[in-house]
1. Excluding residues on the same chain fewer than 8 positions from LYS24, give the lysines whose Cα lies under 19 Å from its Cα.
2. Taking 7 Å along the Cα-to-C-beta vector as the label spot, tell me the ASP71-GLU5 distance in nanometres, rounded to one decimal.
3. Which one of PRO19, ALA68, SER79 is farthest out on the positive end of the charge dipole of the chain, using unit charges on Cβ (Lys, Arg +1; Asp, Glu -1) and the Cα centre as origin?
4. Length gain on complete extension for the stretch ILE88 to LEU28, per 0.36 nm per residue less the alpha carbon to alpha carbon distance?
5. Have a look at ILE31, ILE17, ILE55 and tell me which one the Gaussian network model of the chain (Cα, springs below 10 Å) gives the largest fluctuation.
6. (1) 1.43; (2) 1.19; (3) 1.58: which one is Cα Rg over 2.2 N^0.38 Å as calculated from this entry?
7. Using a cut-off of 11 Å between beta-carbons, work out the net charge of the residues near THR13 (Lys and Arg +1, Asp and Glu -1, THR13 not included).
8. Net charge around ILE55, counting only other residues with Cβ within less than 13 Å of its Cβ (Lys, Arg = +1; Asp, Glu = -1)?
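Taken together, the values in this text are just the output of simple stated rules run on the coordinates, not laboratory data. In this text the structure is predicted, and so the values were computed from the model without any measurement. For neighbour counting, all protein chains shown are included, and Cβ atoms are generated from backbone atoms with ideal geometry for every residue, glycine included.
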Amino acid sequence: MAYQEVVEVSQVTLDYITPSLNIKEDILIKIDVQGYEYKVLEGALSFLDSVLACIVEVSMMPVYEDQASFDMIYRLLVSKGFCFVGMIDQAKMPSGVVEYFDAVFINKNR
C-alpha cells in the first residue's frame with residue numbers, strides 16, 4: 001500500500017487574487033485543472049476582462065465528475081467577449097477520435 005497523506009490546501013478565485021497582483025501587460029492564461037476548468041472560469045469573470053487570450057483544456061468525453069462540456073466553456077467565454085480561434089495539442093484515441101484538446105480563445109474586446 002502506498003503512503004497517503006491528507007493535505008489541506010487553501011483555494012481562492014482568480015477574481016480574488018489578481019487585483020493585488022497589479023498586472024498591467026497583456027495576459028495569456030492556460031487552464032488545465034482536470035475537469036474543473038469551468039469552475040476556474042466562473043471564479044475569473046472579472047479577471048477575464050483584462051485577459052487577451054485564454055487556452056483551456058477541454059475533454060470531449062466525460063472523464064471527471066461534473067466536468068463541463070466544450071459547449072459550456074465556449075458559451076461562457078463567448079459571453080465574456082471571447083472568440084474561439086482553434087485548437088492545439090489535441091490527443092486522439094487509438095480509434096482516431098479526439099479525446100481532449102487545448103481550445104484557444106481570443107478576447108475581441110482587447
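1. LYS108
2. 4.4
3. So the residue furthest toward the plus end is SER79.
4. Answer, rounded to one decimal: 20.1 nm.
5. Result: ILE17 has the largest fluctuation of those listed.
6. Computing Cα Rg over 2.2 N^0.38 Å and matching it to (1) 1.43; (2) 1.19; (3) 1.58 gives (2).
7. Net local charge, THR13 excluded: -1.
8. -4
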